[in-house]
Amino acid sequence: MERPAWAPPGIDISVPSVSRIYDYYLGGSHNFEVDRQAARRAMEFMPGLPKIMQANRAFMRRAVRHAVAEGVTQFLDIGSGIPTFGNVHEIARAASPAARVVYVDHDPVAVAHSHAVLVDDEHTGVVAADLRKPKEILAAPEVAQLLDLDRPVALLLVAVLHFLEDTDRPYDAVAELRDALAPGSLLILTHASYDGIPLTQEVAGGAVGVYRDIRNPLVMRTGDQISGFFEGFEMVEPGLVSMPDWRPDRAEGGEDGEAPEDPYAFSGYAGVGRKA
């Protein structure tokens with residue numbers, strides 16, 4: 001297998017990566033054939049996966065604009081993945097040129113590509129770290145240099161918590177990050193769920209099985225379980241809802257590219273909470 005020039009040395013390009021699979025769903029070019037094969041296998045069970053990812057990104061952009069409108073111009077994006085058009089720093093800067101962003105991921109390809117894209121950007125940093133180890137994230141030099149944790153920060157956990165199993169203590173990780181943030185900070189979150197998927201759980205479970213097979217288990221939590229991540233936050237209206245239902249730009253369609261008429265777009269949950 002030929003190694004692309006953009007692939008960091010030392011990574012095994014024969015092993016699928018969830019961030020590169022996500023990149024493939026969004027039409028990106030930073031993925032390998034092994035990632036595409038895994039994505040296509042998952043889509044055999046759940047053909048609407050790209051629509052879900054598009055709705056996820058569209059929600060993220062709306063939530064970032066909401067944060068800036070609320071006066072929050074600092075962003076900590078954990079599980080940020082491979083940079084694509086319309087990333088957090090681009091959306092935030094369009095609303096506030098002073099916005100500062102720190103991207104965090106544990107995938108070497110995501111980290112390397114983020115560094116390459118943002119090398120000359122003094123207001124954006126990249127950290128190689130894992131959500132399972134919040135202390136390491138908070139202690140990163142890039143966080144200290146770019147973010148003032150005594151002022152409100154928007155914490156983005158978009159399409160990442162469902163890759164943490166209960167044994168990884170995801171609620172504790174979110175609580176530790178929450179406790180480090182100032183009052184007025186926001187939690188911007190999406191999470192996969194069987195709720196809303198226009199398939200039987202048995203069929204949808206086939207796609208979940210693909211992620212288990214590549215040793216990145218996808219944990220489908222209920223709405224009540226996902227609400228637990230917002231402990232210590234006051235939910236922003238309209239609460240925990242499907243992604244297209246969170247403050248859509250227009251009643252139909254939406255300038256961000258989600259397609260509410262597609263039933264797959266309503267799979268899973270999205271929400272924003274404010275720390276009191």
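The values are calculated or read from the model by the stated rules, or taken from the named source; none is laboratory data. For clarity, every value in this text was computed on a predicted model and none was experimentally measured. With ideal geometry, Cβ positions are generated from the backbone for all residues, glycine too; neighbour counts draw on all protein chains shown. In case anyone asks, the SASA skips ligands and DNA or RNA and just uses the protein heavy atoms, side chains included. Shrake-Rupley method; radii C 1.70, N 1.55, O 1.52, S 1.80 Å.
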Test: residue in the range 219-239 that is on the phi < 0 side of the Ramachandran plot, assigned to a loop (DSSP other than H, G, I, E, B) and without any contact (Cβ under 8 Å) to a residue 12 or more places away in the chain: yes
Sort out which residues of the range 90-108 are of a type in the set (A, V, I, L, M, F, W, C) and either at positive phi or open to solvent by 10 Å² or more (accessible area, probe 1.4 Å) (or both), and write them in order of number. ILE91, ALA94, ALA95, ALA98
From (1) at positive phi; (2) modelled with pLDDT under 95, pick out the condition that doesn't hold for GLY71. (2)
Every residue in the range 213-228 that is over 20 Å from ILE197 (Cβ atoms) and at pLDDT 95 or above, please. GLY228
What's the total number of residues in the range 22-48 that are closer than 22 Å to ILE188 by Cβ, crowded, with 21+ Cβ neighbours inside 10 Å and of a type outside the set (Phe, Trp, Tyr)? 1
Log entry, pairs with first residue in the range 34-49 being acidic (Asp, Glu), second being open to solvent by 60 Å² or more (accessible area, probe 1.4 Å), beta carbons closer than 6 Å, six or more apart or on different chains, reads ASP35/TYR24
Find the residue count for the range 178-202, including only residues that are more than 30 Å from ARG274 (Cα to Cα), touching a Phe, Trp or Tyr at 6+ places or on another chain (Cβ under 6 Å) and among the hydrophobic types (A, V, I, L, M, F, W, C). 0
Give the range 63-76 a look and list any residue that's within 18 Å of the chain's Cα centre (by Cα), touching a residue at least 60 places away in the same chain (Cβ under 8 Å) and open to solvent by 10 Å² or more (accessible area, probe 1.4 Å), or say none. HIS66
Here are the criteria: (1) in contact (Cβ under 8 Å) with a residue 24 or more places away in the chain; (2) open to solvent by less than 10 Å² (accessible area, probe 1.4 Å). Tell me which single one ASN87 does not satisfy. (1)
Quick check on the range 55-83: of everything there that is aliphatic (A, V, I, L, M) and out of contact with any helix residue (DSSP H, G or I) (no Cβ under 6 Å at 6 or more places or on another chain), which residue is farthest from HIS115 (Cα to Cα)? ALA69
